[in-house]
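The values are calculated or read from the model by the stated rules, or taken from the named source; none is laboratory data. Please read these numbers as outputs of a predicted model, since none were measured by experiment. Cβ placement follows ideal geometry from the backbone for every residue including glycine, while neighbour counts extend to all protein chains displayed.
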């Protein structure tokens, strides 16, 4: 769907276009017509939601959700349900800006006061702080170690071997991101493959081996806060709230994939091409907007049908299903009160299923855990590098000149830098400790960005394209919800 920018790498601004914030004015163009809405076209158009889903299932679904439910019971999974609903609204409202301008929401935020330079530094810093910790590569390494040795890793003797495996997975991610035509397309294809195995496996074992009464009890827990009392690990609960969906930078980066897929005005801006098989097209740092007419509004509504299918029908729904399936499975086989936050994070489920159900589940569950954790690590790698690339591409004109408007060169330079850093960072702490830290930063991002997305849509979009009041109210609720958990988690970390 993606086409190169129609006016070259700069996409010159129309003299009649409104000037928005501290960045140059948008260009103007015609909103492309989406394919007629139908099942066949739906399969070809949707995809960003699958990428985001693949980056979501590793943290909240396989690690934090089961760890929380096993520790406290499933009676507080209502936190996860609220989190997923609020993040769906957050994603939709961030995408609203991209449909209109072709710019990722980061660019819209950079148009706000105190200016592009400030927000560029802020989001580069917080993006690195949240995403530059390869916790899930180390968790995925635990599943491979367990499969090879037939036992769970021991932190006192196996850390070195785990680090070697994690280094291999980090390097593999860098290699995979070299291919696909566009990086978004490669991620989309691999995400569909991984998700098919993950959800197929989880559905089969839940239906066959988990008693219906237990499943019903788990399901009711997703609409309950019964266990929200007594001594609680608020850092763990804040991590659950953030990662039940995607979490922070990932929610914002959905707009970059929406642009690269060619949704709305994204088709007028360009996409980051892969090193192998790409067309080396440029990405305009400034987007294009369309005049609001009867025809453009009709096309706008059609694009929203695809966006809702992608975000509500794929991402939001399957975040809930994935979390339910993993929590239901974990609480049915792992004793209540078990601490799942050690070096073997990601492998506990395999041990208990093999012991209590069927020995063959040792390898099948480890393979499932590997795909869950590795797909998230792969997606998170792209999220970090893509975020830094797009922010620097917009905020630093000298970089565009130095790289001769070939944004992919900047992307791969940053990918190489992250890979080298990840080799060191993976040795700094256990996987669950690393993941809890980055998940709590994600909550802070959602707290701040919820306000910014609301301001961007109210001030930079034409009145006809702005969200209804009830969506604005939910976006405000998102900020309050994550603000609460951010404060409680900070109190835990500082105490």
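Miscellaneous remarks
- Residue 326 vs. criteria on the phi < 0 side of the Ramachandran plot and at pLDDT below 95: yes
- Residue match in segment 413-433 (condition: farther than 26 Å from residue 155 by Cα and touching a residue at least 40 places away in the same chain (Cβ under 8 Å)): yes
- Boolean, residue 155 is assigned to a loop (DSSP other than H, G, I, E, B) and surrounded by fewer than 24 Cβ atoms within 10 Å (Cβ to Cβ): yes
- Output for segment 236-265, where each listed residue is surrounded by 24 or more Cβ atoms within 10 Å (Cβ to Cβ) and on the phi > 0 side of the Ramachandran plot: 247, 248, 264
- Out of 225, 179, sole residue that is within 27 Å of residue 79 (Cα to Cα) and in contact (Cβ under 8 Å) with a residue 40 or more places away in the chain: 225
- Only a single criterion out of (1) more than 25 Å from the chain's Cα centre (by Cα); (2) in a helix (DSSP H, G or I); (3) touching a residue at least 40 places away in the same chain (Cβ under 8 Å); (4) closer than 26 Å to residue 423 by Cα is not satisfied by residue 206, namely (4).
- Meets criteria (surrounded by fewer than 24 Cβ atoms within 10 Å (Cβ to Cβ), under 21 Å from residue 419 (Cα atoms) and over 24 Å from the mean Cα position of the chain (by Cα)) for residue 75: no
- Just one of the listed residues (13, 25, 33) is at pLDDT 95 or above and outside any helix (DSSP H, G or I), and it is 33.
- Matching residues in segment 123-152 - criterion: being loosely packed, with under 15 Cβ neighbours inside 10 Å and assigned to a helix (DSSP H, G or I): 125, 148, 149
- Every listed requirement among (1) at pLDDT 90 or above; (2) outside any helix (DSSP H, G or I) is met by residue 220 save one, (2).
- Any hit, segment 314-321, residues being at pLDDT 90 or above and closer than 27 Å to residue 460 by Cβ: yes
- From the options 161, 107, residue that is outside any loop (DSSP other than H, G, I, E, B), in contact with a helix residue (DSSP H, G or I) (Cβ under 7 Å, 6 or more places away or on another chain), modelled with pLDDT of 85 or more and buried (at least 18 other Cβ atoms within 10 Å of the Cβ): 107
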